[in-house]
1. Of (1) more than 25 Å from residue 122 (Cα to Cα); (2) open to solvent by 40 Å² or more (accessible area, probe 1.4 Å); (3) not small (Gly, Ala, Ser), residue 42 satisfies all except one. Which?
2. Given the criterion at negative phi, touching a strand residue (DSSP E or B) at 6+ places or on another chain (Cβ under 7 Å) and part of a helix (DSSP H, G or I), identify the matching residue among 39, 62.
3. Has the stretch 11-24 got at least one residue that is of a type in the set (Val, Ile, Thr) and either in contact with a Cys (Cβ under 6 Å, 6 or more places away or on another chain) or open to solvent by less than 60 Å² (accessible area, probe 1.4 Å) (or both)?
4. Which residue out of 34, 51, 17 is more than 18 Å from the chain's Cα centre (by Cα), closer than 30 Å to residue 70 by Cβ and modelled with pLDDT of 95 or more?
5. Within the stretch 88-128, which residues are among the small types (Gly, Ala, Ser), part of a helix (DSSP H, G or I) and free of Cβ contacts under 8 Å to residues at least 60 places away in the same chain?
6. Quick check on the stretch 47-68: of everything there that is open to solvent by less than 20 Å² (accessible area, probe 1.4 Å) and in contact with a Leu (Cβ under 6 Å, 6 or more places away or on another chain), which residue is farthest from residue 27 (Cα to Cα)?
7. Out of the residues in the stretch 1-10 that are assigned to a helix (DSSP H, G or I) and open to solvent by less than 50 Å² (accessible area, probe 1.4 Å), state the one that is farthest from residue 147 (Cα to Cα).
8. Regarding the stretch 92-112, can at least one residue be identified that is farther than 24 Å from residue 29 by Cα, out of contact with any strand residue (DSSP E or B) (no Cβ under 7 Å at 6 or more places or on another chain), surrounded by 17 or more Cβ atoms within 10 Å (Cβ to Cβ) and at pLDDT 95 or above?
Amino acid sequence: MTRVTRIGGLVASIILIAFGIGAIYSGIDGRDRIHEDLAAEQIVGTPDSSIPNEKVDTGKEAEAFAEVTRKHVLEATQGKVYAELPRAVYKKDNTPVPDEQAEAALKSGEAMNNPLRDLWLNQISLSTALNTAYFAESVSTFAIVMGVAMLLSGIGFLILTLRLLTVPGRREDG
């Protein structure tokens, strides 16, 4: 085994081990931060959710809460999504303003922006944040798993390199 090969094997092993440790640390730190940030919001699952009366402090719980918020908004809008709701409603009776008349009705003051559309926008914002927490926790878990794989690969490669360096009767090439 040449000197360059020995050094290369040792360096590669050390790099794999270092990156493995770094990935594990980053993954654990990321998961902890996600859990802390979610817990700080003090969100509690509603009785009709899959996490009733449970504090939302994990990515999976955040995903579950995002699902129930969508359900609630669909109930409030009689099953209509944002794009299906009229842009404006008349102030006097909350009836929809036809879209082609919305601009004029809003300018005249006889109509207002549809508050159900605002409700949808708030739900979309909240569910996006909650689903991002779920995704971030999944990425953190992946980083931990990949870190363990790199760490074990590095240790295995180091053992193999050290074993080849100490094989009796091997001739030094350079």
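1. (1)
2. Working: 62 fails: touching a strand residue (DSSP E or B) at 6+ places or on another chain (Cβ under 7 Å).
Exactly one residue qualifies, and that residue is 39.
3. Applying the first criterion (of a type in the set (Val, Ile, Thr)) to the stretch 11-24 yields 11, 14-15, 17, 21, 24.
The next check asks that each one be either in contact with a Cys (Cβ under 6 Å, 6 or more places away or on another chain) or open to solvent by less than 60 Å² (accessible area, probe 1.4 Å) (or both); those that pass are 17, 24.
Taking every residue of the stretch 11-24 in turn, at least one turns out to be of a type in the set (Val, Ile, Thr) and either in contact with a Cys (Cβ under 6 Å, 6 or more places away or on another chain) or open to solvent by less than 60 Å² (accessible area, probe 1.4 Å) (or both).
4. Values: 34 fails: more than 18 Å from the chain's Cα centre (by Cα); 17 fails: closer than 30 Å to residue 70 by Cβ.
Checking each option against the conditions leaves just 51.
5. Pass one, the stretch 88-128, residues among the small types (Gly, Ala, Ser): 88, 102, 104-105, 108-109, 111, 125, 127.
Pick out the ones that are also part of a helix (DSSP H, G or I) and you get 102, 104-105, 108, 125, 127.
Correct list: 102, 104, 105, 108, 125.
6. First, pick out the residues of the stretch 47-68 that are open to solvent by less than 20 Å² (accessible area, probe 1.4 Å): 49, 51, 56, 59, 62, 64, 66, 68.
With the extra rule that they be in contact with a Leu (Cβ under 6 Å, 6 or more places away or on another chain), the set shrinks to 56, 62, 66.
On the way: 56: 20, 62: 18, 66: 23 Å.
Checked the stretch 47-68; the qualifying residue farthest from residue 27 (Cα to Cα) is 66.
7. To start, the set of residues in the stretch 1-10 that are assigned to a helix (DSSP H, G or I) comprises 3-10.
Still in the running and open to solvent by less than 50 Å² (accessible area, probe 1.4 Å): 8-9.
Working: 8: 21, 9: 19 Å.
Top of the filtered list is 8.
8. No, the conditions are met nowhere in the stretch 92-112.
The values are calculated or read from the model by the stated rules, or taken from the named source; none is laboratory data. Small disclaimer: the values here were computed from a predicted structure and weren't measured. Counting neighbours? That spans all protein chains shown, and the Cβs are built from the backbone with ideal geometry, glycine included. Surface accessibility is based on the protein's heavy atoms, side chains included, excluding ligands, DNA and RNA. Shrake-Rupley method; radii C 1.70, N 1.55, O 1.52, S 1.80 Å.
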